[in-house]
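K.L.:
Sharing a structure, written as structure tokens. Questions coming.
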Amino acid sequence: MVKVESTLCSQEIVEKKTDLSEAARIHYLTPENTEFALTEGKLLSVRVDGELYPVVYLHCSFPHSNKRMFISVRTSENQEVGMVKSLDEFPVDIVRLLDEQIHMRYFAPIITKVINIHEEFGYSYWEAETTAGHLQFTVRRGGGNVKMVSSVKVLITDLDGNRFLIEDVNQLSEKEYRMVEMSL
Amino acid sequence: MIKKNMKTLPEELKGFINQSGLQEEKILYWVNCDRGIDGGFVDTYVILTEEALYRLSNGQTFQQEKTFKGFVSKTVNKDLKPLEMNQLKIERIGIDEIHSIQVVNLIASGMLVIKAPNERAFASFTNGNMARAVKLESIFSKLKKNESIQFQKEWGEEEDAAACPHCGMIYPEKGRPVCPKCLKRHAIFTRLLGFARSYKKSIFFIVLLMLLNSATGLAIPYFQGTILFDQALGGTGIFAGKIALVVGIIIFLRTLSLLFGALFGTMNAKLAANIVFDLKTNIFSAMQRLSLSFFQKKQTGQLMTRVNNDANELQHFFIDGIPYFIVNAMNIVGITIILLIMDWKLTLICLLPMPFVILLIRWVFPKLWRLGWRRHRRVSILNSIISDTVQSARIVKAFGKESVEIDRFQKANLTFSDVEQKFNKMNSTIFPIINLITQIGGILIWAFGGWRVMHGDLSFGEIMSFVTYIYMLFGPIQFMNNIAGWWSNCMSAAQRIFEVQDAVPDVSEKEDAVHLEKMRGEIRASHVGFCYEPNKPILKDVSLHAKPGQMIGVVGPSGAGKSTLVNLISRLYDVTDGEILLDGINVKDLTAESLRKHIGIVSQEVYVFMGTVAENIAYGNPECSVEEIIYAAKIANAHDFIEKLPDGYDTMIGTGGYSLSGGEKQRISIARAVLHDPNILILDEATASLDTETELQIQEALESLVHGRTTIAIAHRLSTLRNAHYLYVLDQGKVVEEGTHEELMKLNGMYKGMVQKHEDALKMKEVI
Ligand SMILES: Nc1ncnc2c1ncn2[C@@H]1O[C@H](COP(=O)(O)OP(=O)(O)O)[C@@H](O)[C@H]1O
Ligand SMILES: [Mg+2]
């Protein structure tokens, strides 16, 4: 969707787009109408057009292809307060705040070094160095538990649904890549 | 690691709690919150007592190591530091200060948010602790409401963190006490051989024929070498000069050997087919036992194909693997003995290159295997693109995306052929090298053997026999080397098959379950609550009553939980709260068979299994007659289209077979229910994928079917429900309205709105 938009140019399509967004009635949050703040309890609150939402959470529409675009701001009852089209519209300190909140929600250890992947009877046992320390976890084979979510990024989901990421498969050594490849 | 999954608090923590005056008896519940709120892994405990909520943490220090469920590290807990007591920080918040505790779902983890009085992120945990956190939330709310907390029950209800007694690994799948680590291949093999037990006689003959085949085969080189050259041609011994006789014997032996080989081959193929047939029958009957959720999880088509493929692989192994393994083993032993008897020194010399060959193969095979896997993956990608495009041809066309699809295919195809080439190149360079090395053995014999012949230690005939035997040895050895990999592949295939066979249904029958021969068909659901995943309730406090023979309508927006409700009635899942009674008996106390026999479902998601149309209709009642199948099809309005198919009721449908339209599949599943003839009929948007005209036709059939049965009908089109005795309106998992059609119309609520919308839509249609 992101890509399509950037290649749109003909007048006709642009018009159609506006129609669609009108119909969808998305409320965009901009620095002008929105005030984000961190609460004492380390949660995010937002004031939109004067109305205060004491606790909101950020949901990325494209958590894999682009975390910084189309962020849905929702209450804990899953009501959408509005959408942030692009993080960069906001001043730096707010961006930092939102980034932290996104990180809180989407936190997944990033694998920096695959030490060993050992396969047995439909399960693979992973041992890796990650940004969150030395981890060992078990992945059920097949069913898309290890999958490419972009051209370079690999998402690994373990038995409990815990997530681990390889940011760029090209950064892996030949040996690591071979091990990962066999589980894809 | 193992410690963390235990139901009791870690020892160190207990000591600490006692020191800090927090008596253990007062503890209601605790959760290990292993995730830092800002990321990273920590070791925090949240403990709920009758008076306060405690948070024990060692500050902001992240753990350097973490082992998740299912993994047993070889360096067990060696480096794991115990909780450092002196650094432990304890925080206490009195129950009175806390308004509420809420579990917030994050991605792959969760967070406890407390309101005291403002919201505050209290602790965070990974998915594995979600169930406990949710429990803490519910215990707290009970505590707040001064409800009694059933101590023992709350603790005992904990999921069994059953671990393998051998290696301590947590069973990776809940409710399936199979440890993939300790499950040994030879055990699978033995189990597989168990299927051969009923064919003892043929196995005896097959082995006998194998022996004869080997024996005759082994005698030939002796006749060809020693006897032909040394005796017949050399003019010594009993066969001196009798060339024709010797040649005759050789030809006779060869024919005999061939004959034995052919005989055991055919007998064996038959045996293997029988064994695999037994295996498949076994699995398919095991599948019937399993609940729908098993199929929902595994996707029927894929599962069936996989089982079929695995079974074929095993069949292949039975025909070409095991028997040749035995033959080759016999040959190796036989030949080695003969060689050693003939000349042990020469034997040892020519076996010299063997270790090199084996080393080379060991080195090359993993590479080849990896390339093979890469190729396999590319092929599957290619195939899925093809099937995708074919299946969605209409959509692709409608959106004008043909060129995009072609590009996609082109790209996949290119990478495939690239991998394919690499694989072939490897294949074609490595084998000549292996052969070359093997040949060296032959050359060595000629060199040393020739030398000994010249010295008169050995006759020319003997060396001829010797060389032939040596060459006969290489084949079996290579085979043995290959079979190791093949064997472990086949054992994985067998394991996958047994997995289906061993799969434990989500809901299991009680040991003293009641079997109901007859059922009146009274349904009563009281205060039913249900969630598929912890903390995501789908049904909340739903009550419903259907008298025998009544037709009950359930309406509501999609996603309201209507299908979930009927799945609970037929016990595809178990309720989380409340109970469901059929004829006054809790469904949990009934046998699966009585449920299956008396409840028929025509669901919104139609399942078509791989098999013929007739088999699909007869699914549930395999022993019914052909007429019954046709009657059922006729009632369901399926007969006409089935007759139109070239292969009629024998048309293969399902994965890889003839593809039916959604409406056609739906009619087949209605026919299935008609044939099933249950006392309780559940129609879950049974006519949703049919056009109005067909729907009207089937409506009549269904009305006759509904007569005299308790029916629960879920429908989008409200006109289908006009005959219902009583209606329930479901929204977001709750019953929001209930009553007869008239009563609900008077209410002027959600139901009336839906009816009006429906009528408007109909009017629109008329206008068009
Ligand atoms: N097998 C499942 N696992 C998890 N969630 C499910 C499953 N089946 C249905 N749900 C969820 O339960 C909710 C109710 O679904 P369902 O009962 O099918 O609704 P309805 O039939 O009223 O349209 C939906 O939000 C759906 O996403
Ligand atoms: Mg439904």
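K.L.:
B:MET764 accessible area, nearest 10 Å², 1.4 Å probe?
P.N.:
Its accessible surface works out to 120 Å², give or take rounding.
K.L.:
Compute the FRET efficiency between B:ASP512 and B:GLU533 as 1/(1 + (r/R0)^6), taking r as their Cβ-Cβ distance and R0 = 30 Å, and round to the nearest 0.05.
P.N.:
Working: r = 31 Å, r/R0 = 1.02.
That gives a FRET efficiency of 0.45.
K.L.:
Whenever you get a sec, line up B:MET454, B:MET267 from highest to lowest accessible area (probe 1.4 Å, protein heavy atoms). Kindly include the intermediate steps, with their values, before the conclusion.
P.N.:
Values: B:MET454 160, B:MET267 60 Å².
Largest to smallest exposure gives the sequence B:MET454, B:MET267.
K.L.:
Treating only the Cβ of Lys, Arg, Asp and Glu as charged (+1, +1, -1, -1), what charge dipole size does the range A:111-183 show about its Cα centre? Round to the nearest 20 debye.
P.N.:
Values: 8 positive and 11 negative charges, 38 e Å.
I would put it at about 180 debye.
K.L.:
Per residue, how many Å² of accessible area does the range A:111-183 show with a 1.4 Å probe? Show your work: numbers first, answer last.
P.N.:
Details: 2950 Å² over 73 residues.
I get 40 Å² per residue for this part.
K.L.:
Can you give the accessible area buried between chains A and B, summed over both chains, with a 1.4 Å probe, in Å² to the nearest 100? The partial results should precede the final answer.
P.N.:
Working: alone 11670 and 41510 Å², together 49210 Å².
Result for this pair: about 4000 Å² buried.
K.L.:
Per residue, what accessible area does the range B:523-767 have, given a 1.4 Å probe and all protein chains present, in Å²? All intermediate terms of the calculation are to be shown ahead of the outcome.
P.N.:
Values: 11480 Å² over 245 residues.
Roughly 47 Å² per residue, with all protein chains present.
K.L.:
Between the range B:233-275 and the range B:102-142, what's the alpha-carbon centroid distance in Å?
P.N.:
The distance from the Cα centre of the range B:233-275 to that of the range B:102-142 comes to 78 Å.
K.L.:
Heavy-atom accessible area of A:THR130 with all protein chains present, probe 1.4 Å, nearest 10 Å²?
P.N.:
Result for A:THR130: roughly 10 Å² accessible.
K.L.:
If ligands, DNA and RNA are left out, what is the accessible area of A:SER124 with a 1.4 Å probe, given in Å² to the nearest 10?
P.N.:
Its accessible surface works out to 0 Å², give or take rounding.
K.L.:
Roughly how many percent of the accessible protein surface of the range B:507-569 is carbon and sulfur, given a 1.4 Å probe and a whole-percent answer? Could you put the intermediate results ahead of the total?
P.N.:
Working: 1460 of 2960 Å².
Here carbon and sulfur together make up 49 percent of the probe-accessible area.
K.L.:
Which whole number gives the average, over all residues in B:32-44, of C-beta atoms from other chains lying within 10 Å of the residue C-beta?
P.N.:
Values: counts 0, 0, 0, 4, 3, 4, 6, 9, 5, 6, 1, 0, 0.
The per-residue average across the peptide is 3.
K.L.:
Pairs to check: A:LYS42/B:LYS536; A:LYS147/B:LYS411; B:LYS547/B:LYS746; B:LYS540/B:LYS665; B:LYS135/B:LYS540; B:LYS142/B:LYS536. Give those whose C-alpha atoms are more than 21 Å from each other in this structure. Please report the intermediate quantities before stating the final value.
P.N.:
Numbers: A:LYS42/B:LYS536 24 Å; A:LYS147/B:LYS411 19 Å; B:LYS547/B:LYS746 24 Å; B:LYS540/B:LYS665 33 Å; B:LYS135/B:LYS540 16 Å; B:LYS142/B:LYS536 18 Å.
The answer is A:LYS42/B:LYS536; B:LYS547/B:LYS746; B:LYS540/B:LYS665.
K.L.:
Suppose a student asked you for the relative contact order of the range A:45-103, using Cα pairs under 8 Å spaced at least 6 residues apart; what percent would you report?
P.N.:
Relative CO of the range A:45-103 lands at 24 percent.
K.L.:
Where does the range A:52-142 land on Rg/Rh, using Cα atoms and the Kirkwood Rh?
P.N.:
1.13
K.L.:
Do any trypsin sites (Lys or Arg not before Pro) in the range B:689-766 lie in a loop, going by DSSP, with at most 11 other beta-carbon atoms within 10 Å of their beta carbon, and if so which? The partial results should precede the final answer.
P.N.:
Working: sites: B:ARG709, B:ARG717, B:ARG722, B:LYS734, B:LYS746, B:LYS752, B:LYS757, B:LYS763, B:LYS765; in loops: B:ARG709, B:ARG717, B:ARG722.
Counting only loop positions with at most 11 other Cβ atoms within 10 Å, the trypsin sites (Lys or Arg not before Pro) in the range B:689-766 are B:ARG722.
K.L.:
Set the Förster distance to 22 Å, then compute FRET efficiency between B:LEU208 and B:ILE251 from the Cβ-Cβ distance, nearest 0.05.
P.N.:
Numbers: r = 23 Å, r/R0 = 1.06.
Approximately 0.40, to the nearest 0.05.
K.L.:
Then there is this: Would you mind pulling out the separation of the Cα centroids of the range A:59-110 and the range B:552-587, in Å?
P.N.:
Using only Cα atoms to place each centre, the spacing works out to 38 Å.
K.L.:
If I model a spin label at B:ALA273 and B:GLN756 as a point 7 Å from the Cα along the Cα→Cβ vector, what separation in nanometres do I get?
P.N.:
6.9 nm
K.L.:
Along the Cα→Cβ direction, 7 angstrom out, place labels at B:ASP650 and B:ALA215. What is the inter-label distance in nm?
P.N.:
4.7 nm
K.L.:
Also, I was wondering about something else. Please list B:CYS624, B:CYS490 from largest to smallest accessible area, probe radius 1.4 Å, with all protein chains kept in place. Please list the in-between numbers first.
P.N.:
Values: B:CYS624 30, B:CYS490 0 Å².
Accessible-area ranking of B:CYS624, B:CYS490, largest first: B:CYS624, B:CYS490.
K.L.:
Let me ask something additional. Which order do B:ASP650, B:ASP574, B:ASP691 take by accessible area at a 1.4 Å probe, largest first? Please list the in-between numbers first.
P.N.:
Values: B:ASP650 110, B:ASP574 50, B:ASP691 85 Å².
I get B:ASP650, B:ASP691, B:ASP574, largest accessible area first.
The values are calculated or read from the model by the stated rules, or taken from the named source; none is laboratory data. Keep in mind that this is a model prediction, so the values were computed, not measured. Cβ coordinates were reconstructed from backbone atoms using ideal geometry, including for glycine residues, and neighbour counts include every protein chain displayed. Quick note on the areas: whole protein, heavy atoms, side chains included, nothing else; ligands and nucleic acids left out. Shrake-Rupley method; radii C 1.70, N 1.55, O 1.52, S 1.80 Å.
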